[in-house]
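To start, the structure under review is shown below, and the notes come after it.
Read-outs: derived from the displayed coordinates by stated rules, not from any lab. All figures in this text were calculated on a predicted structure; none of them were measured in a lab. Quick reminder, even Gly has a Cβ in these numbers, built from the backbone with ideal geometry, and neighbours come from all protein chains shown.
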């Protein structure tokens, strides 16, 4: 399973939009860590995100693409509509992805 | 000081709201803590909206700074410093507190504006949001600051210009209400950069010629080869390095960047094309000379108040010409400088309405 994170918007949008995605591949993770990642992804799938606040300015949006099986799954969230499950997954990807 | 407690309370919100105006710090902080605790317990969006409404009631622009303790869930943040209280040990808290205070004082002193909404709206700042969070934003009610990842970005409260930029988003929302996409969005972003530059220059008592006109010069770590997030004097030159490439901001309509109105396209390049009105303001300020917040700032501020949600570059430029005439007279030096500033970025201004850009 391959997980990639791209970030958009924010005060530094001109910079963040030029950064490459951050990627984690479960083939390169220990079984325990890979299982932790799968658990975090499952939690996000069962916890749909809220609607971003239209009044927000400089907020960032996050797209996490999970490639596993025939169809990739895309998970998205923004700073103003962040579920705890997505925040946990985002934190994991930011700590572990290259 | 920590006012974060887990208790339930049956005090009606309108009473708690009144208590927020108490001169007694302890009472005020307890009321605020109770409102926040209620939201945390119930976890309801409706409750959060209720509290937000209570907190934006007139309060003479009183500041409250909250520590997110690296959470992304703002209702769980802890109140750590309120108006009238002394410095605390946390540098980020003090920087946010002081930056919001300087920006509030700037709007009050220079434009006679009472806080974000013109009616004394409370200033709520949240620091230490998330882990390694490379951003600061205005969420429609509050200003939120990240610590940066320590590799590329550092603490966003370290930049007075950034703090003023975020507060100014609130001012724009309460005046023109510029839609946050395409040209109106880029104008919205530019107005925040203009405020960031003016507040910084006002704090340092710099003339337009003395200022560096950089936005967010302080948010990079020393490891990063970048001058700032943006340069108003020379859009497109704030950075050029291997890690994140060259600054994509245009400085002229000939180089306007067409981007999709999506998250991926920065909502039509709101942080990209803001370089064009940014440069126009720089040209105006240096063209008139002296302090940017005097005639240039007054013309821009009055033009913002006269703009609408869909105002684009040309429309705003035309408004600035009219405002320069109203404030300083027909064919005045200031009005001539407005014409020349917009011409310098490829926009010809007139006092007759023009069609919107297609």
Compute the separation of the alpha-carbon centres of the range B:162-201 and the range B:77-131 and state it in Å as a whole number.
17
In degrees rounded to 10, the 0-90 angle between helix A:31-45 Cα long axis and the longest Cα principal axis of chain A is 40
Pairwise FRET efficiency - residue B:261 versus residue A:36, Cβ, R0 = 41 Å, nearest 0.05:
0.65
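Using C-alpha positions alone, give me the convex hull volume of the range A:1-49 per residue in cubic angstrom. List each step's numbers first, then the result.
Numbers: hull volume 4.4 nm³, N = 49.
Each residue corresponds to 90 Å³ of Cα convex hull volume.
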Inter-part distance where the range B:295-325 and the range A:28-57 are each reduced to a Cα centre, Å
44
Would you list the P(r) distribution for the range B:182-343, with all Cα-Cα distances sorted into 5 Å bins from 0 and each bin expressed as a whole %?
2, 10, 18, 21, 21, 15, 8, 4, 1, 0, 0
Given 20 Å bins starting at zero, what is the percent of C-alpha pairs of the protein assembly as shown in each, up to the one with the largest pair distance?
25, 55, 20, 1
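Shape verdict for the range B:161-247, please, from the Cα gyration tensor: rounded (a/c under 1.5), prolate (a/b greater than b/c) or oblate. Provide the component values of the computation, followed by the final result.
On the way: a/c = 2.05, a/b = 1.31, b/c = 1.57.
Oblate, because a/c is 1.5 or more while a/b does not exceed b/c.
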Stokes-Einstein D for the range B:58-173 at 4 °C, 1.567 mPa s, Kirkwood Rh over Cα pairs, in µm²/s?
93
How far is helix A:84-96 tilted off the main Cα axis of chain A, in degrees rounded to 10, range 0 to 90?
70
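For the range A:2-83, what is one quarter of the convex hull surface built on the Cα atoms, given in nm²? Write down the numbers at each step before the final one.
Working: hull surface 24.7 nm².
Over every viewing direction, the Cα hull of the range A:2-83 projects on average to 6.2 nm².
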